[in-house]
Amino acid sequence: MGFDFTPEERRQLGYRLIDRINTYFSSLPDRDVQLPADERTFGQLRDAMPELGEEAGHVLDDVCSEMIDNGFHVPSANYFGLMNPTPTYMAVLAEALVSALNPQLATLARSQLASKIESETVRWIAERVGWHKKINGETVPAGRRICDGTFTSGGNEANFTALALALASYFPASIDDGVASINARPVGYSSAESHHSLDKSFGLLGLGRKALRRTPVDEQARIDLAKLIEQIEKDIAAGFRPFVIVATAGTTNSGAVDDIVELSAIAKKYNLWLHVDGAYGAAAIFSDKHRDLVRGIELADSITIDPHKWLAMPFAAGVILTSQPEMLERAFAIATPYMPKIANAPLIDNFKVSAQWSRRMNSLKLWLTLRVHGRQAYEQLIDRQLELAKKMATWVEQSDIFELAAPQFLPILNFRVKGISSEDESEALNIAIVDAVTRDGKMWISRTTVGGRSVLRMMVISYLSNESNLESLQKALVNAAREVLHPAQQIHTAR
Ligand SMILES: Cc1ncc(COP(=O)(O)O)c(C=O)c1O
């Protein structure tokens with residue numbers, strides 16, 4: 001009875017698990033992403049809740065075998081997926097430690113070192129933006145904007161937080177009296193390619209999803225600035241209250257980065273909050289060489305960056321930063337009689353600056369990874385993945401079968417079969433090609449639409465992916481195209 005084990009049992013179970021994880025990590029460079037299509041099962045488990053437990057080692061072995069042998073392997077080097085990385089090993093260890101210590105990051109009183117680590121990690125990221133997170137009593141370096149920020153469960157929560165900050169900043173009465181107290185309808189702007197967490201947040205904040213004006217994009221899948229200005233002026237003339245522009249730094253579909261410098265000028269002209277959704281792409285700030293990819297990010301009022309995307313962290317780790325730090329407390333602070341307090345605390349309790357209350361320590365994994373590998377390891381990761389994506393782009397450009405369907409900014413590629421004029425035909429081909437490439441389970445790509453056009457999508461997201469993984473993907477794409485293309489297409493020399 002009870003949940004504890006003897007020290008020896010704990011040790012044995014721990015080693016048993018770490019051996020499995022170790023073997024698993026060794027397999028990742030050429031591991032299949034999943035089972036072949038005809039062996040995958042998506043049914044529900046139907047076992048009754050156990051009244052009495054079973055032998056722990058047996059249960060652990062059972063679940064490991066099932067998840068490893070039959071699971072879907074996001075960490076595989078052959079996963080050219082959505083924005084989900086291979087976690088760093090230090091992060092895996094950090095997660096175990098966090099679970100064991102279970103620090104309660106809602107308040108400083110119950111998470112002293114943990115809160116300090118979280119705060120320091122936010123400060124490190126902010127410094128790469130070019131901002132400064134102030135430590136009590138120090139003077140701020142000249143030319144640096146003061147900022148603050150907090151960890152979130154991911155980009156969705158970070159974007160929600162940013163919009164809540166913008167709303168609280170422009171309509172302070174709405175914090176207590178709700179959006180009904182605003183005497184005109186607030187509206188905001190993002191590109192048609194922006195992430196759908198924004199629509200969700202507009203709905204949840206009581207603004208209504210229609211209040212997010214999804215502005216058309218240019219041929220590079222970046223927000224069309226002229227159309228944006230047109231829409232803002234139209235809204236003002238119609239009596240709406242524009243309050244926020246969201247720039248995307250790394251769209252989910254194509255990795256497009258909006259022109260943040262221009263958007264900042266537009267935001268200033270119309271007195272709007274500028275949020276940069278850099279859930280994926282903002283990580284380019286970790287590279288000196290490629291920082292220009294997100295030029296102007298320091299001009300933002302708030303930034304979303306998700307370490308669980310390009311920074312190789314396991315779920316969950318998002319961050320919201322803001323150069324209007326006082327807004328965090330204004331939007332989220334609340335007084336309670338029961339939360340423990342520290343007199344003259346140097347750090348603010350997290351529950352007062354966040355949509356979360358009880359909170360997990362999501363920062364340790366990044367902090368430990370940085371301590372063990374250093375910032376330069378990220379610089380190398382970013383440089384390397386961009387280089388691999390460029391190689392893949394060159395291969396597509398030289399291919400007899402495929403062509404690029406959008407420019408490549410970040411390590412994301414959109415491409416499609418050449419010379420297909422009908423969108424319906426292109427979509428049907430893309431479905432068939434994704435099916436053919438992923439059928440045997442060895443690798444994973446996806447499809448989506450960009451600027452309304454159906455495209456194949458791959459990205460380099462695992463730090464383990466290398467040229468040989470790319471070559472296998474190229475072969476699989478050529479074979480898939482051969483399989484699905486109408487013989488009349490006549491591919492003579494498929495590269
Ligand atoms: C650009 C962008 N923003 C926000 C999100 C949401 O992030 P999360 O899934 O971490 O909540 C995503 C997810 O892929 C994204 O691509």
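The values are calculated or read from the model by the stated rules, or taken from the named source; none is laboratory data. Not measured: the values here are computed from a predicted model. Neighbour counts run over all protein chains shown; Cβ positions are idealised from the backbone, glycine included.
Observations, loosely collected:
- Single condition ASP435 does not satisfy, out of (1) of a type outside the set (Lys, Arg); (2) farther than 26 Å from LEU311 by Cα; (3) part of a loop (DSSP other than H, G, I, E, B): (3)
- Filter result for the condition that a residue is aromatic (Phe, Trp, Tyr), in contact with a Phe, Trp or Tyr (Cβ under 9 Å, 6 or more places away or on another chain) and within 26 Å of LYS309 (Cβ to Cβ), over TRP124, TRP131: TRP124
- Considering ALA312, ALA331, ALA279, ALA247, the condition of being more than 16 Å from the ligand (Cβ to nearest atom) and of a type in the set (Gly, Ala, Ser) is satisfied by ALA331 alone.
- Index of the failed condition, LYS268 passing every other in (1) crowded, with 24+ Cβ neighbours inside 10 Å; (2) under 21 Å from PRO172 (Cα atoms): (1)
- Selection status of ASP277, acidic (Asp, Glu), more than 14 Å from the chain's Cα centre (by Cα) and closer than 18 Å to ILE125 by Cβ: no
Conditions (1) in a helix (DSSP H, G or I); (2) in contact with a Ser or Thr (Cβ under 7 Å, 6 or more places away or on another chain); (3) charged (D, E, K, R), marked per residue:
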position: THR336; (1), (2), (3): no, no, no
position: ILE342; (1), (2), (3): no, no, no
position: LEU347; (1), (2), (3): no, yes, no
position: LEU381; (1), (2), (3): yes, no, no
position: LEU386; (1), (2), (3): yes, no, no
position: ALA393; (1), (2), (3): yes, no, no
position: ALA406; (1), (2), (3): no, yes, no
position: ARG416; (1), (2), (3): no, yes, yes
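- The set of residues in region 64-78 that are surrounded by 13 or more Cβ atoms within 10 Å (Cβ to Cβ) and in a helix (DSSP H, G or I) comprises CYS64, MET67, ILE68.
- From the list THR449, THR394, the one residue that fits, being more than 30 Å from MET90 (Cβ to Cβ) and touching a residue at least 40 places away in the same chain (Cβ under 8 Å), is THR449.
- Hey, HIS275 modelled with pLDDT of 95 or more and crowded, with 21+ Cβ neighbours inside 10 Å or not: yes
- Of all the listed residues (ALA247, ALA238), the sole one being among the small types (Gly, Ala, Ser) and more than 21 Å from the chain's Cα centre (by Cα) is ALA238.
- Residue list for region 211-233, restricted to those being within 20 Å of LYS268 (Cα to Cα) and of a type in the set (D, E, K, R): ARG213, ARG214, ARG222, ASP224, LYS227, GLU230, GLU233
- Restricting PRO85, PRO103, PRO141 to residues that are on the phi < 0 side of the Ramachandran plot, of a type outside the set (Asp, Glu) and free of Cβ contacts under 8 Å to residues at least 24 places away in the same chain narrows the list to PRO141.
- Of residues in region 252-274 being over 19 Å from the mean Cα position of the chain (by Cα) and among the acidic types (Asp, Glu), the one nearest to the ligand (Cβ to nearest atom): ASP259
- VAL396 being among the β-branched types (Val, Ile, Thr) and surrounded by 18 or more Cβ atoms within 10 Å (Cβ to Cβ): yes
- Note on region 109-215: enclosed helices (runs of 4 or more DSSP H) holding 2 or more residues that are away from the ligand (no atom under 16 Å from the Cβ) and surrounded by 17 or more Cβ atoms within 10 Å (Cβ to Cβ) are 112-129, 155-170.
- For region 1-39, residues that are in a helix (DSSP H, G or I), touching a Pro at 6+ places or on another chain (Cβ under 9 Å) and not hydrophobic (A, V, I, L, M, F, W, C) total 1.
- Summed over region 40-63, residues that are assigned to a loop (DSSP other than H, G, I, E, B) and more than 30 Å from MET392 (Cβ to Cβ) total 15.
This table checks each residue for (1) at pLDDT 95 or above; (2) under 15 Å from the mean Cα position of the chain (by Cα); (3) over 17 Å from ALA249 (Cβ atoms); (4) more than 14 Å from the ligand (Cβ to nearest atom).
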{"site": "LYS289", "(1), (2), (3), (4)": "yes, no, no, yes"}
{"site": "VAL294", "(1), (2), (3), (4)": "yes, no, no, no"}
{"site": "ILE305", "(1), (2), (3), (4)": "yes, yes, no, no"}
{"site": "THR322", "(1), (2), (3), (4)": "yes, no, no, yes"}
{"site": "ILE342", "(1), (2), (3), (4)": "no, no, yes, yes"}
{"site": "ASP349", "(1), (2), (3), (4)": "no, no, yes, yes"}
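- For region 61-96, the set of residues classified as touching a helix residue (DSSP H, G or I) at 6+ places or on another chain (Cβ under 7 Å), away from the ligand (no atom under 16 Å from the Cβ) and either of a type outside the set (S, T, N, Q) or over 25 Å from GLN12 (Cα atoms) (or both) consists of CYS64, ILE68, PRO75, SER76, ALA77, ASN78, THR86, TYR89, MET90, VAL92, ALA94, GLU95, listed by residue number.
- Tally, over region 79-99, of residues that are in a helix (DSSP H, G or I) and either touching a strand residue (DSSP E or B) at 6+ places or on another chain (Cβ under 8 Å) or more than 25 Å from GLY441 (Cβ to Cβ) (or both): 9
- Out of ALA247, ALA265, ALA256, ALA300, one residue alone is closer than 21 Å to VAL217 by Cβ and without any contact (Cβ under 8 Å) to a residue 12 or more places away in the chain. It is ALA265.
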